[in-house]
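Please treat every number below as a calculation from the coordinates, not as lab data. What you are looking at is a predicted structure, and each value in this text was computed from that prediction instead of being measured.
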Amino acid sequence: MRPKSVLIVDDNCGFLAASVEFFTSEMGINLVTWADSPQEAVIKFHKFSPELVILDIGMDTLKGLDLAVWFKNQVNSPNVMITSIDDNEDYRNYAKRMGADAFMKKVNYRMAYPELILYLNKGFKKICSENNYLLN
């Protein structure tokens, strides 16, 4: 199931731009939208029904992990990848408990995104990998 739509939620404009560019140019996904606030993310989710959500762990008014729970509780919930500048075990464990499918340190996006898409293409419901950024 190659995702037809991706929603990237982050308040870092540089990361947003790099991610959108990567998904559209290198991964060939046509519908890539973004939000820089949780409120905008909810609106875009309802508008575009993304199959994949890339979500920053820390947002201003609503924590990224709270938003992850909201996404995972929706009918036909998307796959959710949590991102963070830091890579620590507490973030990974909490992301997993909140129902996220993957966790990625932001600097690893060029390696993590293609593997994420590979797993989605193989039709896995949940993403499983033994590397250092996807949750088992």
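Amide H contacts of Ile8 (H built 1.01 Å from N, in plane; Pro and chain starts excluded): Thr33, Trp34, Ala35, Ile54 sit under 5 Å, all sequence-distant by 5 or more or on other chains. Coupling constants for the range 35-50 follow from the phi torsions by the Karplus curve (6.51 cos²θ - 1.76 cosθ + 1.60, θ = phi - 60°), and in residue order they are 9, 10, 8, x, 5, 5, 4, 5, 4, 5, 4, 5, 6, 10, 6, x Hz; glycine and proline get x. With the convex hull drawn around the C-alpha atoms of the range 1-116, the volume per residue stands at 91 Å³. Remark: for residue pairs Lys47/Lys106; Lys44/Lys106; Lys47/Lys96, the C-alpha separation exceeds 24 Å in Lys47/Lys106; Lys47/Lys96.
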